[in-house]
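The values are calculated or read from the model by the stated rules, or taken from the named source; none is laboratory data. Bear in mind the structure is a predicted one, so any value in this text is a computation, not a measurement. A quick note on method: Cβ atoms are made from the backbone with ideal geometry, for glycine too, and the neighbour counts reach across all protein chains shown.
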Amino acid sequence: MPDNPDRDSEDLQNSMTRGERVRAAARTIRTPRSASWIAGETDVSVKTAQKYLEQLVEDNVLLKTQQGDQTLYCVDQLMATYREVATLQREHDRSELTSALESMSSKITDWKASYGVETPGELRAGIADCEDPTEIEDRREVANEWEHLEDRILIVRAALNEYGLAAKHDSI
């Protein structure tokens, strides 16, 4: 019998504690969300969601903002970036990071040449001139990956720029 991904996901959620569910959901939010929204997504009470969300704010994982009379939470992107840079430095040596940077830059250079554009926005704008649905979908996918790679390049560069500092601190 084939595996059922929905059931696997449900089994995983059932095996997680309330706190683990709230923490996992909170780390994935990209737009500010309320504790009640998180509670609904994680099947916990609003009070429980607030408790764990506040812990994540104290741990510099989330930011807390006020919008009118509503408290909203979102990922602290600066801290997430620092953590990601540290993870890259610990899991990869300079050579691996340099190769990854070269590969990402090469892909972007190839897309610029292939499509005759300089930015993902220009590539998307060219979709209006396309009639072939496959070409439209290809351009959308390339534009999305291009934007993703631009973000990754910044993080990999930061990891390389501060590589010596991280190695020095880890040895202490």
Is it fair to say S45 is in contact with a helix residue (DSSP H, G or I) (Cβ under 7 Å, 6 or more places away or on another chain) and either loosely packed, with under 15 Cβ neighbours inside 10 Å or polar (S, T, N, Q) (or both)?
-> yes
V44 passes all but one of (1) free of Cβ contacts under 8 Å to residues at least 24 places away in the same chain; (2) assigned to a loop (DSSP other than H, G, I, E, B); (3) among the β-branched types (V, I, T); which number fails?
-> (1)
Top-ranked residue in the stretch 158-172 [being surrounded by 14 or more Cβ atoms within 10 Å (Cβ to Cβ) and modelled with pLDDT of 90 or more; ranked as farthest from D93 (Cα to Cα)] = A158
Residues in the stretch 69-85: is at least one without any contact (Cβ under 8 Å) to a residue 40 or more places away in the chain, of a type in the set (S, T, N, Q) and farther than 20 Å from R152 by Cα?
-> yes
Given the residues S45, S103, which is the only one that is of a type in the set (G, A, S) and not assigned by TED's automatic domain parsing to the domain that holds R21?
-> S103
When residues of the stretch 21-37 are filtered for being part of a helix (DSSP H, G or I) and either under 17 Å from D69 (Cα atoms) or not assigned by TED's automatic domain parsing to the domain that holds V61 (or both), how many remain?
-> 3
